[in-house]
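> Sending over a structure as structure tokens; questions will come in a sec.
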Amino acid sequence: MLMLSRRLLMPLSVAVAVAAATIVPAATAVPVAWSAVVADIDPVTFATEPAAPAAPAALAEPAAPAASAASVASEADVVHRGHVAFWSDQLEIRLRTANRGPADVSASTVRLRFSEPLAVRQQLPAGCLWGGRAAVLCETGALAKDGPARRTALDLRLAGRPAEVVVRVDTVWSGGARDADSGNDTHTVLAPSTGDPYAF
């Protein structure tokens, strides 16, 4: 059984948790002073009584909006490129993962799903975990903007010997960065059992 260090397990654990759900950034909420609202409501009629005029000092300077960089999600562009080759029950996948920016990615995880189940008795490469009988998740690590690509190599065996296999590639974790262009990190590849490499 594959054992991973705590450093490798964290990004993959997060990825497994988000793999089944689409993350939508929450809208910025405006804080409401509920105590002030309740104080202005008559407990019997629930009618709003006119509030006392505010002191001039309170109106002198409006509070500045608290817009911090931490509250805004960073934006990056994760890209997957590579090829799939398939023959007999052997499946070869070579993957290069890079980031076109504009922000760095602190951690990333790629998911590979297959139209056919994988053989159970095989060892995955370091940094990869099972995502089911027909899926594998691999850590692709931190990705600097316009930095070198991270390489992932998988040599897998299928449970049977079909005439073809479909491989789906997508990103399930990018360190919390928003990817506005998901077209270059989501791929579907049909590989007949010929041994020829099919690029994506």
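> Describe numerically, in nm with one decimal, the distance between label points set 7 Å from Cα along Cα→Cβ at R81 and at D196.
For R81 paired with D196, the spin-label model returns 2.1 nm.
> Now for a separate question. What shape does region 114-200 take by its C-alpha gyration tensor, where a ≥ b ≥ c are the square roots of the eigenvalues and a/c under 1.5 counts as rounded, a/b above b/c as prolate, and the rest as oblate?
It is prolate, given that a/c is not under 1.5 and a/b is the larger ratio.
> Add +1 for every Lys or Arg and -1 for every Asp or Glu among the other residues with Cβ under 13 Å from the Cβ of R161, and state the total.
Here the charged neighbours net out to -2.
> Whenever you get a sec, compute what percent of the accessible area on region 72-144 sits on carbon and sulfur atoms (1.4 Å probe).
Heavy-atom surface of region 72-144 belonging to carbon and sulfur, 1.4 Å probe: 51 percent.
> Then there's this: Would you tally the net charge around F86, using a Cβ to Cβ cut-off of less than 12 Å, leaving F86 out, and scoring K and R as +1, D and E as -1?
The answer is -4.
> In addition: Highest mean first, how do 189-199, 74-84 rank when packing is the count of other Cβ atoms within 10 Å averaged over residues?
Order by mean packing, descending: 74-84, 189-199.
> So, R0 is 30 Å and r is the distance between the beta-carbons of R100 and R151; what FRET efficiency does that work out to, to 0.05?
Efficiency, from the Cβ-Cβ distance: 0.95.
> Let me ask you something else. Using the Cβ atoms and a cut-off under 11 Å, what net charge is assigned to the surroundings of A98, where Lys and Arg are +1 and Asp and Glu are -1?
Cβ neighbours under 11 Å give a net charge of +3.
> Compute the accessible area per residue over region 89-185, keeping the other protein chains in place, probe 1.4 Å, unit Å².
Averaged over the residues of region 89-185, the accessible area is 48 Å².
The values are calculated or read from the model by the stated rules, or taken from the named source; none is laboratory data. Because the structure is predicted, anything quoted here is derived from the model rather than measured. Ideal geometry is used to build each Cβ from the backbone, glycine not excepted, and the neighbour counts take in all protein chains shown. All accessible areas refer to the heavy atoms of the entire protein, side chains included, with ligands and DNA or RNA removed. Shrake-Rupley method; radii C 1.70, N 1.55, O 1.52, S 1.80 Å.
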